[in-house]
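The values are calculated or read from the model by the stated rules, or taken from the named source; none is laboratory data. Please read these numbers as outputs of a predicted model, since none were measured by experiment. Cβ placement follows ideal geometry from the backbone for every residue including glycine, while neighbour counts extend to all protein chains displayed. Areas reflect the complete protein model, heavy atoms only, side chains present, ligands, DNA and RNA absent. Shrake-Rupley method; radii C 1.70, N 1.55, O 1.52, S 1.80 Å.
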Amino acid sequence: SDLHPVRRLQIQLHVHTQLLAQVMLLAREALGSEPRFLKVAMLPYAMLTELCAYCDISLAYLQLRARPTYATLLAPALPDEAHRDAPTPAESPHSVFSVPGMHLLPPLLLGDSLGLKRVYDAGLARAREEMVKKGLRAADGGDFRLAEEMRRLEPHLNRAYLPVRESSSSRSTLCPAEDRLFAVGLLRYGLGRYDLIRERLLPSKTAEALEQRFHSATRRSTLDNPIKRAQAQCLGGALSVAEDQVLRDAVGALGEDWERIQKEKLPHRTAHQLSTAWQYRLRPGARREPLPLPPRAPVIGGQSLSSAATAAAANAT
């Protein structure tokens with residue numbers, strides 16, 4: 001709270017610039033084996049490019065403002081005492097966008113070693129994907145060297161914000177943050193959709209690894225965890241939006257064969273759940289009404305079983 005607002009803003013810019021640069025470099029390294037990291041690499045690249053442009057514009061403006069009056073050719077003639085109060089170039093202007101290591105970003109972003117400028121200039125998403133599939137190479141034909149680029153930036157980085165893996169007592173290949181993200185994917189896309197969860201949320205993991213983690217995290221002996229809670233919520237609650245769409249497509253292709261739909265499309269749901277959801281929510285023209293009440297108790301001698309039991313208890317007393 002004692003910091004000047006400009007200084008506080010500069011600290012925040014330093015933190016975010018560092019995180020963006022690290023995400024970009026790590027994603028660029030992953031592009032060599034997994035093209036799905038293209039969007040992850042291009043987003044911080046575009047943001048850092050725009051940040052560098054703002055830094056250059058603000059510095060140029062401050063340098064122009066700091067020029068002494070006698071160095072401006074269009075300035076009118078002023079008395080000698082006015083020149084004494086004019087700013088001198090001894091104090092170099094400083095922009096709030098100038099954070100530690102900012103001078104290293106333009107050569108990195110525009111250089112051939114990173115190779116993302118050619119992808120960025122391609123414009124169309126399809127053209128970018130084709131370039132990545134063919135392989136991104138440096139100007140000398142070599143591969144991207146992550147360790148070398150990180151060593152160049154490391155002296156200007158705040159070590160508190162370097163990438164670290166959260167410690168975990170389990171032997172899982174997913175860290176606790178990835179477990180929470182996996183649980184979000186289960187709630188959003190449904191149980192068993194490991195391919196979709198991998199594509200949208202966890203591209204660094206394989207579908208097999210996600211399936212293995214799901215089974216290990218949902219065992220009866222496993223302690224409470226986000227994945228186990230997500231499973232209970234999916235099984236005990238209504239169908240998710242993604243499951244509704246899967247059910248619509250399945251009914252359109254297979255008809256109202258609930259056993260087959262349950263087996264092939266939504267194995268974590270029961271056939272009764274699918275039938276109920278279709279009849280009372282998703283079927284065209286279905287009335288959105290509560291589920292039907294259970295049938296009334298059979299009548300014996302003009303009285304229901306519950307009424308007869310009540311009367312018998314009253315007579316016994």
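Overview of results
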quantity	calculated
Spacing of the two label points (7 Å from each Cα toward its C-beta) at Glu129 and Glu211, in nm	2.4 nm
Extension gain, Glu34 back to Leu223 (0.36 nm per residue minus Cα-Cα distance, nm)	64.7 nm
For the range 189-237: rounded, prolate or oblate by the Cα gyration tensor [a/c cutoff 1.5]	oblate
Relative contact order for the range 17-60, counting Cα pairs under 8 Å that sit 6 or more residues apart, in percent	39 percent
Unsatisfied cross-links (Cα-Cα over 22 Å) in the set Lys117/Lys205; Lys39/Lys205; Lys39/Lys134	Lys117/Lys205
Phi-based couplings in Hz for the range 122-127 (Karplus 6.51, -1.76, 1.60; Gly and Pro marked x)	5, x, 5, 5, 5, 5
Of all accessible heavy-atom area on the range 1-58, the percent that carbon and sulfur account for (1.4 Å)	65 percent
At R0 = 30 Å, FRET efficiency that the Cβ-Cβ distance of Gln245 and Ala122 yields, to 0.05	0.40
Where a label projected 7 Å from the Cα of Arg200 along Cα→Cβ would reach, residues of the range 233-271 with amide N under 13 Å	240-246
